[in-house]
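The values are calculated or read from the model by the stated rules, or taken from the named source; none is laboratory data. Values in this document were obtained by computation on a predicted structure and should not be read as measured data. A quick note on method: Cβ atoms are made from the backbone with ideal geometry, for glycine too, and the neighbour counts reach across all protein chains shown. Areas reflect the complete protein model, heavy atoms only, side chains present, ligands, DNA and RNA absent. Shrake-Rupley method; radii C 1.70, N 1.55, O 1.52, S 1.80 Å.
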Amino acid sequence: MKKICFLFVLLLLFSGCSREKMDLTPEKAAEVVLTEYGENTRFVRAEEDFLTTNFGSNDYVREAAVYFDEDGNGGEFGFFRLSDEQYSAEMITAVREYINSERQSVESLAALYPAEELSNRLQRFDNATVGHMGDLVYYFITEPTVAQNAVRRFRG
């Protein structure tokens, strides 16, 4: 019986060691998402001013990367690496406030100038994904399948 318990403990140790968790920086995470889009969609990285203006300058954000669809089709995603996971809820709130603000801007524009492009952008806001994995907070304002596939790849 002791041998079986000992083997069970060893099995647990080895299974835990064999599966390394991906160390996700905002840049590595963005690379994963960009491969989900493929070569047909081009993205540009937002500048630091954009991050400060829209998400604030929080001391707990160590690194951040936000990308926009260069063609203006409304695709957008972002990653924020925090100094501690305890700030995740606060950062998620900031991201949701940003998404709501952007959505309201597009709704106002769509009310004045109804167009299919604006309707498509509004639908992306409806499908927005916000979450976190450890100290990395992420958001996607994009096609739901892209967000689902990327998050699945992050989680291994």
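Length gain on complete extension for the stretch Ala110 to Glu48, per 0.36 nm per residue less the alpha carbon to alpha carbon distance?
Details: separation 62, 0.36 × 62 = 22.32 nm, distance 2.84 nm.
Extra length available between Ala110 and Glu48 comes to 19.5 nm.
For segment 63-136, give the percent of accessible area contributed by carbon and sulfur heavy atoms, probe 1.4 Å, rounded to a whole number. That share works out to 42 percent.
Just reorder Glu102, Glu76 by solvent-accessible area, largest first, 1.4 Å probe, all chains present.
Numbers: Glu102 55, Glu76 15 Å².
Listed by decreasing accessible area, they come as Glu102, Glu76.
Residues of segment 133-150 falling in the label zone of Thr35, defined by backbone nitrogen less than 16 Å from a point 7 Å along Cα to beta-carbon, are 146-150. At an R0 of 41 angstrom, the distance between the Cβ atoms of Asn120 and Asp23 translates into a FRET efficiency of 0.70.
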